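Please read the structure below before turning to the comments.
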Amino acid sequence: QVQLVESGGGLVHAGGSLRLACAASGRRTSDYLMGWYRQAPGKQRELVASITSGGSTNYADSVKGRFTISSDNAANTVYLQMNSLKPEDTAVYYCRAWRFPATFWGQGTQVTVSS
C-alpha cells in the first residue's frame, strides 16, 4: 500500500508559478512509476507528467517546456514545478503511483489560474 498526499496548490495569476508536492508513505516512490494527472470541471482526468524509477520523464504536449516533474527519493516525494501558468491549467491535480496491477491515487490539490 502507498499513501499519497498532495500539497502546493492554490490561486495564481496567469504567467505565475506553483510547485506541487506528492509525499508518499508506506512504500518507496522509486518502486513505482509516478505521475501527475489533472481533471478540470466537465473533463476527463488526463496525464500531465510522469517519471520512472530511472528518472525518465514524459509530458503532455500542453505542458512541455512549462512543467517539470522531479523525484526526491530521500524525501520519498515527487514534485511538479509549474511555470508560465495559463487559465487552462486550472484543475484538480492528482498524484498517482502505479506498478502493475496496483495503482494508488492521492486526494488531489486544486490549482486555479486567473486571467
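Of the residues making up the range 23-51, just one is over 27 Å from Glu88 (Cβ atoms), touching a residue at least 60 places away in the same chain (Cβ under 8 Å) and part of a strand (DSSP E or B), namely Ala24. Being under 17 Å from Gln44 (Cα atoms), free of Cβ contacts under 8 Å to residues at least 60 places away in the same chain and crowded, with 21+ Cβ neighbours inside 10 Å is a condition met by at least one residue of the range 73-90.
Tyr59 - would you say it is of a type in the set (Phe, Trp, Tyr) and open to solvent by less than 30 Å² (accessible area, probe 1.4 Å)? Criteria not met by Tyr59. If you go through the range 44-56 and pick out every residue that is within 19 Å of Gly108 (Cβ to Cβ) and surrounded by fewer than 17 Cβ atoms within 10 Å (Cβ to Cβ), you end up with 4. Annotation: of all residues in the range 1-22 being open to solvent by 30 Å² or more (accessible area, probe 1.4 Å) and in a loop (DSSP other than H, G, I, E, B), the one that is nearest to Pro87 (Cα to Cα) is Ala14. Here Gln110 fulfils each of the conditions (1) open to solvent by less than 60 Å² (accessible area, probe 1.4 Å); (2) within 18 Å of Ser7 (Cβ to Cβ); (3) not in a loop (DSSP other than H, G, I, E, B) apart from (1).
Tell me which residues, restricted to the range 52-66, are of a type in the set (Ser, Thr, Tyr), outside any strand (DSSP E or B) and either under 11 Å from Gly35 (Cβ atoms) or modelled with pLDDT of 95 or more (or both). Thr52, Ser56, Ser62 - these are the residues of the range 52-66 that are of a type in the set (Ser, Thr, Tyr), outside any strand (DSSP E or B) and either under 11 Å from Gly35 (Cβ atoms) or modelled with pLDDT of 95 or more (or both).
The values are calculated or read from the model by the stated rules, or taken from the named source; none is laboratory data. Quick caveat, the model's predicted, so the values are computed rather than measured. Backbone-built Cβ (ideal geometry, glycine too); neighbour counts: all protein chains shown. Heavy atoms of the whole protein, side chains included, go into the accessibility calculation; ligands, DNA and RNA do not. Shrake-Rupley method; radii C 1.70, N 1.55, O 1.52, S 1.80 Å.
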